[in-house]
Amino acid sequence: MEKIIVRGGKRLYGTVKVEGAKNAVLPVIAATLLASDGKSVIRDVPTLSDVYTINEVLRNLNAQVVFENNTVVVDASRELKDEAPFEYVRKMRASVLVMGSLLARNGRARVALPGGCAIGSRPIDQHLKGFEAMGAHVKVGNGFIEAEVNGRLKGAKIYLDFPSVGATENIMMAATLAQGTTILENVAKEPEIVDLANFLNKMGANVRGAGTGTIRIEGVDVMFGADHNIIPDRIEAGTFMVAAAITGGNVLIKGAVPEHISSLIAKMEEMGVIIFEEEDGIRVIGPDHLRAVDIKTMPHPGFPTDMQSQMMALLLRAEGTSMITETVFENRFMHVEEFRRMNADIKIEGRSVILNGLSNLQGAEVSATDLRAAAALILTGLVADGITRVTELKHLDRGYVRFHEKLASLGADIERVKEDVETFVIENYVSDMNA
Ligand SMILES: CC(=O)N[C@H]1[C@@H](OP(=O)(O)OP(=O)(O)OC[C@H]2O[C@@H](n3ccc(=O)[nH]c3=O)[C@H](O)[C@@H]2O)O[C@H](CO)[C@@H](O)[C@@H]1O
Ligand SMILES: C=C(OP(=O)(O)O)C(=O)O
């Protein structure tokens with residue numbers, strides 16, 4: 001079993017560079033399927049397990065994909081297959097993002113139903129509502145969603161009941177090759193939506209308004225491969241900002257874009273963290289005393305749910321009582337029990353968590369329940385007394401590249417090991433005997 005082992009107590013200093021954004025690169029790679037002519041070259045691609053998974057999905061659909069030196073090259077000019085099987089969708093829900101491109105390109109798409117996951121049930125009804133409004137017949141059965149259209153998709157006016165990131169992206173991709181104009185209302189405004197729109201426009205699409213609440217897409221007849229650099233990962237940047245703050249360190253996070261994380265900067269400043277914008281990134285200096293604050297996760301530009309668990313770790317070091325309310329996912333508090341194993345004074349009340357900071361955090365064996373929980377537990381380990389062992393690293397590898405190495409380069413006492421269960425039991429037995 002692989003584990004990350006952290007010994008708490010080191011302040012972090014130095015510079016760390018942010019990778020390309022996971023949540024931008026996945027839809028962009030899905031969008032390359034729209035090009036029936038020419039190759040797409042996607043740069044600044046992080047070496048995450050999710051990227052390998054989406055590349056496999058594309059290869060399975062008959063696209064040619066090469067991933068080398070942080071660059072993905074896709075040739076989707078051959079005839080594409082229609083189906084994304086369960087083995088990929090199960091590994092990564094974002095596989096469902098190929099549906100819009102396939103439907104637009106082939107007139108048919110069959111994608112395994114994603115099902116629920118550790119952070120909630122995560123339905124895709126808004127994606128499907130959009131496809132149906134554009135003339136597709138959608139059928140769900142035998143664990144698959146099948147969407148089919150007679151001829152081409154037709155532009156439509158679509159209102160999303162919630163500004164879903166995935167639905168905005170999937171419908172946007174489908175609408176690029178539709179006949180006529182699509183007006184998408186109440187859409188997600190995340191920076192990753194803007195990045196996708198920029199890529200689609202380079203491919204020959206006509207998408208306007210990304211980043212606002214309404215997106216207008218004039219359908220085009222054909223799209224081409226294009227060259228694109230992925231935006232920096234604001235959630236990875238935010239995670240290192242918390243790492244600096246929680247340890248009372250001083251770290252320059254290179255490549256971080258302040259405008260993408262203004263809600264996080266505001267909340268950290270409210271807590272007393274010192275933050276400077278520098279030419280090539282954001283500098284974070286952790287103070288000796290942190291103040292408690294309340295946080296509510298919201299769609300962008302509200303506070304990102306993907307930073308909720310890392311901020312929970314930081315608030316455990318703040319003086320006073322904080323409340324975190326999760327409004328985006330209905331079940332994104334699985335990590336709370338793991339924090340309690342580290343002696344955190346924390347409880348769940350409905351969709352909120354109430355926590356009292358400054359309890360004596362203790363190292364423990366904890367299990368990552370999702371990728372941000374993995375990062376949050378490691379961050380807590382940086383300041384806990386003794387040794388923290390974090391397991392279930394497959395979650396971490398979905399969203400962070402060489403996380404432990406980057407923290408070690410800033411001075412953390414951290415390693416990643418393959419530890420068999422027997423050795424661990426014996427070690428603990430010996431240390432218990434010596435205690
Ligand atoms: C690969 C990727 O980019 N993942 C991000 C994306 O996920 P994802 O695109 O899955 O998130 P959504 O914005 O779609 O989901 C937000 C909420 O809307 C609900 N919903 C969504 C679609 C739908 O058809 N029906 C419905 O009810 C979901 O269950 C959830 O409660 O945005 C989330 C919210 O910022 C982030 O946490 C994820 O990191
Ligand atoms: C929830 C996340 O990702 P995904 O939507 O890929 O599960 C995340 O990045 O925190």
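The values are calculated or read from the model by the stated rules, or taken from the named source; none is laboratory data. These numbers were taken from a predicted model, which means no experiment stands behind them. As a convention, Cβ positions derive from the backbone with ideal geometry for all residues, glycine included, and neighbour counts pool all protein chains shown. These area figures cover heavy atoms from the full protein model, side chains too; ligands, DNA and RNA do not enter into them. Shrake-Rupley method; radii C 1.70, N 1.55, O 1.52, S 1.80 Å.
Please verify whether residue 109 is part of a helix (DSSP H, G or I) and of a type in the set (Gly, Ala, Ser), treating the condition exactly as stated. No; evaluated as a whole, the condition is false for this residue.
Please pick out the residue among 74, 149 that is surrounded by 20 or more Cβ atoms within 10 Å (Cβ to Cβ), out of contact with any strand residue (DSSP E or B) (no Cβ under 6 Å at 6 or more places or on another chain) and in contact (Cβ under 8 Å) with a residue 40 or more places away in the chain.
Values: 74 fails: out of contact with any strand residue (DSSP E or B) (no Cβ under 6 Å at 6 or more places or on another chain).
Among 74, 149, only 149 is surrounded by 20 or more Cβ atoms within 10 Å (Cβ to Cβ), out of contact with any strand residue (DSSP E or B) (no Cβ under 6 Å at 6 or more places or on another chain) and in contact (Cβ under 8 Å) with a residue 40 or more places away in the chain.
Entry remark, region 287-346: residues being away from ligand 1 (no atom under 16 Å from the Cβ) and either in contact with a helix residue (DSSP H, G or I) (Cβ under 8 Å, 6 or more places away or on another chain) or open to solvent by less than 40 Å² (accessible area, probe 1.4 Å) (or both) number 19 in total.
Tell me, please, whether a residue that is modelled with pLDDT under 95 and away from ligand 2 (no atom under 16 Å from the Cβ) can be found in region 111-123. Within region 111-123, not a single residue is modelled with pLDDT under 95 and away from ligand 2 (no atom under 16 Å from the Cβ). Taken over region 161-178, the criterion of being more than 16 Å from ligand 2 (Cβ to nearest atom) and either more than 23 Å from the chain's Cα centre (by Cα) or surrounded by 16 or more Cβ atoms within 10 Å (Cβ to Cβ) (or both) is satisfied by 171, 172, 173, 174, 175, 176, 177, 178.
Per-residue answers, yes or no, for (1) open to solvent by less than 10 Å² (accessible area, probe 1.4 Å); (2) without any contact (Cβ under 8 Å) to a residue 40 or more places away in the chain; (3) in a loop (DSSP other than H, G, I, E, B); (4) outside the structural domain of residue 99 (by the TED database):
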residue	(1), (2), (3), (4)
9	no, no, yes, yes
14	no, no, no, yes
28	yes, no, no, no
33	yes, no, no, no
45	yes, no, yes, no
53	no, no, no, no
58	yes, no, no, no
62	no, yes, yes, no
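Residue 158 meets the conditions (1) open to solvent by 30 Å² or more (accessible area, probe 1.4 Å); (2) in a strand (DSSP E or B); (3) closer than 30 Å to residue 307 by Cβ in every case but one. The failed one is (1).
Rundown of residues vs (1) away from ligand 1 (no atom under 12 Å from the Cβ); (2) under 30 Å from residue 332 (Cα atoms); (3) of a type in the set (Lys, Arg), yes/no style:
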| position | (1), (2), (3) |
| --- | --- |
| 126 | no, yes, no |
| 135 | yes, no, no |
| 143 | yes, yes, no |
| 154 | yes, no, yes |
| 159 | yes, yes, no |
| 204 | yes, no, no |
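Considering the conditions (1) without any contact (Cβ under 8 Å) to a residue 60 or more places away in the chain; (2) β-branched (Val, Ile, Thr); (3) buried (at least 23 other Cβ atoms within 10 Å of the Cβ), residue 181 is excluded by exactly one of them, (3). Scanning region 225-284 for residues that are among the β-branched types (Val, Ile, Thr), in a helix (DSSP H, G or I) and within 16 Å of ligand 2 (Cβ to nearest atom) gives 235, 239, 242, 261. Of all residues in region 236-282, exactly one satisfies the criterion of being more than 20 Å from residue 383 (Cβ to Cβ) and either of a type in the set (Lys, Arg) or outside the structural domain of residue 11 (by the TED database) (or both), namely 254.
Scanning region 97-116 for residues that are within 17 Å of residue 168 (Cβ to Cβ) and surrounded by fewer than 24 Cβ atoms within 10 Å (Cβ to Cβ) gives a single hit, 114.
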